[in-house]
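Below is one structure; the comments refer to it alone.
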Amino acid sequence: MYDMVFKASIPETVLPSSSQVYRSADRWYAASAAMHMTQLLFQHNDIVDSEDECRNKYVSRYLFHSLAKKGHLSPFGFLEDNWSAQSQSLELSCSMPYGFDSFRLWCDELRPHNVLLDKHDNIAAALDWEFAYFAPTQFSLDPPWWLLLQPPELWTSGIDDWSQVYEARLRTWLLAMEDQERGDEINFPAHLSTYMRESWLSGRFWLTYATRKSWAFDTIFWKYLDERFFGPRDEGMQESQFWRARVHLLGEEAQRVMEMVVERKMNDAEERVLADWDPDTANQLLQEALGD
């Protein structure tokens with residue numbers, strides 16, 4: 001949230017307070033999804049380049065938040081997923097976390113270069129915990145993003161190539177995990193390797209990544225989540241027109257608000273002057289945009 005306030009000039013009043021506590025993964029996902037919409041609404045410059053790009057971003061964020069409010073994101077990619085288009089044909093075996101298992105300590109930047117080893121190659125310490133927080137346990141059940149060391153948005157050959165190379169590395173990772181899991185006691189209904197395999201198969205990996213990475217959200221939503229959520233789009237549809245495939249899911253009022261947001265963002269792009277938002281006005285705009 002620091003970056004949202006000080007780099008994107010988003011008013012603090014539309015963000016969750018530092019004392020906010022979420023007692024369920026569903027509420028956590030809903031709050032995170034709302035912040036994606038917040039960035040679209042209040043980042044004044046360099047957030048959209050065209051009207052259709054703005055519509056794409058509005059539709060993806062509105063639908064993502066709507067799914068979160070309905071409690072659909074937390075079971076996605078698990079045995080309990082009975083709502084997504086892919087759930088009709090995808091067989092999964094792992095159950096979602098419940099109760100006291102709903103949250104685990106998570107660090108966005110934890111990867112190999114944060115870990116120190118002793119002379120016997122045992123882990124001696126893990127460093128740089130400033131990005132640690134309690135997140136839904138779903139995050140910890142995904143395969144690690146750092147298997148290629150570079151995140152997908154920084155992969156020079158593009159995210160499609162990253163995904164192909166990553167899948168090959170993931171197979172090696174899972175084989176190593178399975179070797180370690182033999183005979184180990186576990187506190188989940190299935191081995192962690194099984195959760196990770198089904199996370200990649202179902203796209204839950206991408207759900208977590210889109211939740212965490214606002215600057216990668218749109219690419220991931222339309223490329224890896226949209227059709228898993230809602231079914232196939234028309235073949236040959238241009239990327240700039242993806243919003244047309246889902247706009248009927250918004251309803252008339254949300255479509256009206258979308259066009260209002262498009263007009264305002266296009267004006268922002270021309271003026272490029274930072275706005276000083278009244279707290280009540282800002283919160284009202286956010287609630288209207290989310291359909292709350």
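Data for the structure
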{"quantity": "Filter result for residue 235 (charged (D, E, K, R) and either part of a helix (DSSP H, G or I) or surrounded by 13 or more Cβ atoms within 10 Å (Cβ to Cβ) (or both))", "calculated": "no"}
{"quantity": "Residue satisfying condition, being of a type outside the set (Lys, Arg) and at pLDDT 90 or above, within set 218, 184", "calculated": "218"}
{"quantity": "Matching residues in the stretch 37-91 - criterion: being surrounded by fewer than 20 Cβ atoms within 10 Å (Cβ to Cβ) and hydrophobic (A, V, I, L, M, F, W, C)", "calculated": "47, 79, 83, 85, 90"}
{"quantity": "Every residue from the stretch 99-113 that is over 23 Å from residue 146 (Cα atoms) and touching a helix residue (DSSP H, G or I) at 6+ places or on another chain (Cβ under 9 Å)", "calculated": "101, 102"}
{"quantity": "Only listed residue being at pLDDT 90 or above and not β-branched (Val, Ile, Thr), chosen from 143, 112, 97, 151", "calculated": "143"}
{"quantity": "Breaking point among (1) under 28 Å from residue 226 (Cβ atoms); (2) among the charged types (D, E, K, R); (3) at pLDDT below 85, for residue 80", "calculated": "(3)"}
{"quantity": "Candidate set from the stretch 149-159 (those that are touching a residue at least 12 places away in the same chain (Cβ under 8 Å) and in a helix (DSSP H, G or I)); member that is surrounded by the most Cβ atoms within 10 Å (Cβ to Cβ)", "calculated": "152"}
{"quantity": "Top-ranked residue of the stretch 102-128 - restricted to ones that are of a type in the set (D, E, K, R) and loosely packed, with under 14 Cβ neighbours inside 10 Å, ranked as nearest to residue 200 (Cα to Cα)", "calculated": "109"}
{"quantity": "Condition met for residue 285 (in contact (Cβ under 8 Å) with a residue 60 or more places away in the chain and not in a helix (DSSP H, G or I))", "calculated": "no"}
{"quantity": "Residue within the stretch 65-87 that is of a type in the set (Ser, Thr, Tyr), farther than 30 Å from residue 264 by Cα and not in a loop (DSSP other than H, G, I, E, B) present", "calculated": "yes"}
{"quantity": "All positions within the stretch 261-292 that are basic (Lys, Arg) and closer than 30 Å to residue 70 by Cβ", "calculated": "264, 265"}
{"quantity": "Flag for residue 44 being within 26 Å of residue 256 (Cα to Cα), modelled with pLDDT of 95 or more, in a loop (DSSP other than H, G, I, E, B) and not polar (S, T, N, Q)", "calculated": "no"}
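The values are calculated or read from the model by the stated rules, or taken from the named source; none is laboratory data. Note that the structure is predicted; figures quoted are calculated from it, not measured. Positions of Cβ are generated from backbone atoms using ideal geometry, with glycine treated the same way; all protein chains shown enter the neighbour counts.
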